[in-house]
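Here's the structure we're looking at; comments come further down.
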Amino acid sequence: MNINEPNKVYSSPAMHTAEHILNSQMVKYFHCERAFSAHIEKKKSKCDYYFTTSPTPEDIATVEQAVNDIIQQNINVEEIFYPKDKVPSSISIERLPDPSVDTVRVIRIGDYDQCACIGEHVTNTAEIGTFRIISHDFNEGVLRVRFKVSS
Ligand SMILES: [Zn+2]
């Protein structure tokens, strides 16, 4: 479960872990924020980002490849618990589902991504399979990316 969507139930740890990696690479390549909205389902998922212009198909292909490059490194997905006042400043805790918690769970994927999250994840990126961006469209300041994973 993404901290930005505390009420969503995620049924696919592989899809959801891919979402973490996708967010990390979107931020890296486009200097955007992580997705402000996500719908994660077993067959296909979508993430929405605030964008100012439409990315090129080449940009999207670059991000897709970067996500697969990370997945293929068979990286352990770690769960780290920080006291709330000791969470590294690079990790956003502005939208915790329960702001009164003392301990924050952070999901770390090697040196690529760290994100506060209470959802279910795979234990190693090898379990994700191949990541594919099915389509993307840009409308009124929002980029929607649809993707799937397949073993
Ligand atoms: Zn998560």
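We did not get these values from a lab; they are worked out from the coordinates using the rules stated. Since we're looking at a predicted model, the values are computed, not measured. Note that each Cβ is placed from the backbone with ideal geometry, even for glycine, and that neighbours are counted across all protein chains shown.
Summing +1 for each Lys or Arg and -1 for each Asp or Glu, what net charge is found among the other residues whose Cβ lies under 9 Å from the Cβ of Ile133? Provide the component values of the computation, followed by the final result.
Working: positive: Arg132, Arg146, Lys148; negative: Glu64.
So the environment of Ile133 carries a net charge of +2.
Roughly speaking, what is the stretch gain from Asp111 to Tyr82, that is 0.36 nm per residue apart minus the C-alpha to C-alpha distance, in nm to one decimal?
On the way: separation 29, 0.36 × 29 = 10.44 nm, distance 1.74 nm.
Length gained between Asp111 and Tyr82: 8.7 nm.
What does the charge count around Val149 come to, taking other residues whose C-beta lies under 14 Å from its C-beta (Lys +1, Arg +1, Asp -1, Glu -1)? Intermediate values should be presented prior to the final figure.
Details: positive: Lys42, Lys43, Lys44, Lys46, Arg132, Arg146, Lys148; negative: Glu19, Glu41, Glu64, Glu127.
Neighbour charge sum, excluding Val149 itself: +3.
State the number of lysine pairs found in segment 1-130 whose Cα atoms come within less than 28 Å, restricting to pairs 8 or more positions apart or on distinct chains.
The result is 13.
Please give the direction-averaged projected area of the C-alpha convex hull for the chain, in square nanometres with one decimal.
Numbers: hull surface 33.4 nm².
Answer in nm², one decimal: 8.4.
Quick check for me: using +1 on Lys/Arg Cβ and -1 on Asp/Glu Cβ, what's the dipole size of the chain about its Cα centre, in debye to the nearest 20? The partial results should precede the final answer.
Values: 16 positive and 21 negative charges, 69 e Å.
That gives a dipole near 340 debye.
In whole angstrom, note down how far apart the Cα centers of segment 12-58 and segment 71-136 are.
14 Å
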